[in-house]
Amino acid sequence: MLDDIWVDDSVFALRPDFAVLLMTARGLRNGPTDDRSRGWLEQASALEVQTGKIDAWKDAYRAFGAKPQRTRPSVDALTRRMPLPEINRAVDAYNSVSVKHALPIGGEDLDHYVGAARLVRASGEEESEEALGRPEPGEVIWRDDAGVTCRRWNWRQGVRTRLTETTANALFLLERLEPMSLEELKEAGEELADLLSEMSPEVQITSRLLSNGK
């Protein structure tokens, strides 16, 4: 499944330093926030925000015409919600890693996907949920065969594919720009895998790094 996910060349032309670590987690035992996942959130909330990495995402948004003060990159919005909100165990896990590394992370329910995920520049004609609105031409979006799954790179996710307490099979998208190194991206992925394994000991995790020219 991971081999079918792709990033359009037009996105790499916009930001040649972009890379995404793709992770699937099959056999999750998700559920409501508990004391363990609450502890992850509390630890992340106590950390100092790494503004330099977030500024890189603001620049990326401006490059395709978005105003990051109005539609903020996901990690920027998340760091402004301290203490971190309790959602569910899987979301708590990736939100805590996201804040720790100033790294946008998306979590998607694989069982609600239609075809493969891909990151593209929008035509403006894509199917999109009413709450998301229709993307603007040239906007960077994640999508599948059924339509938009996340607008403005990582600004807002659709309802159809979001992680819920009953999600059993998930896709995680860890999105990197410089100055984050690929080594730190890998470390963040390993930390997320450890948290998911802690909450779901039988989970099966696979990963793939997708970067410019690869």
TODO: Compute the distribution of all C-alpha to C-alpha distances in the chain, in bins of 5 Å from 0, and list the percent of pairs in each, rounded to whole numbers.
DONE: 1, 7, 16, 20, 22, 18, 11, 4, 0
- [ ] Per residue of region 42-50, in order, report the coupling 6.51 cos²θ - 1.76 cosθ + 1.60 (Karplus, θ = phi - 60°) as ³J(HN,Hα) in whole Hz, putting x for Gly and Pro.
- [x] 5, 5, 5, 5, 7, 7, 6, 6, 8
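Between Glu187 and Ala131, take the C-beta separation as r, use R0 = 41 Å, and let me know the FRET efficiency to the nearest 0.05.
Working from the Cβ atoms, E equals 0.75.
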Task: Length released on extending from Leu2 to Arg208, taking residue separation times 0.36 nm less the Cα-Cα span - done: 73.5 nm
TODO: Please list, in chain and number order, the residues 5+ apart from Arg156 or on another chain whose amide H is under 5 Å from its amide H, with Hs placed from the backbone.
DONE: Arg151
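Extension gain Arg38-Glu86, at 0.36 nm per residue separation less the Cα-Cα distance, in nm? Numbers along the way, then the final one.
On the way: separation 48, 0.36 × 48 = 17.28 nm, distance 0.71 nm.
Result for the pair: 16.6 nm of gain on full extension.
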TODO: Work out the FRET efficiency for Arg70 and Val49 from their Cβ-Cβ distance, taking R0 = 25 Å, and round it to the nearest 0.05.
DONE: 0.80
Open item on the list: With the crude spin-label approximation of a point 7 Å out along Cα→Cβ, what separation in nm comes out for Asp145 versus Ser197?
Closed with: 3.4 nm
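Report, in deg cm²/dmol and to the nearest 500, the calculated mean residue ellipticity at 222 nm for the chain, where each DSSP H run with n ≥ 4 adds -39500 (n - 2.57) and the sum is divided by the residue count. If you can, show how the numbers build up before the last one.
Values: 6 runs with 67 residues, N = 214.
-9500 deg cm²/dmol, from helical runs alone.
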- [ ] May I ask you to compute the full-extension gain from Ala13 to Asp59, defined as 0.36 nm times their residue separation minus their alpha-carbon distance, rounded to one decimal in nm?
- [x] 15.1 nm
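All of the numbers you see were taken from the coordinates with simple rules; none came from a lab. This one's a predicted model, so the numbers in the text were calculated from it and none came from an experiment. Using ideal geometry, Cβ is built from the backbone for each residue, glycine included, and neighbour counts are taken over all protein chains shown.
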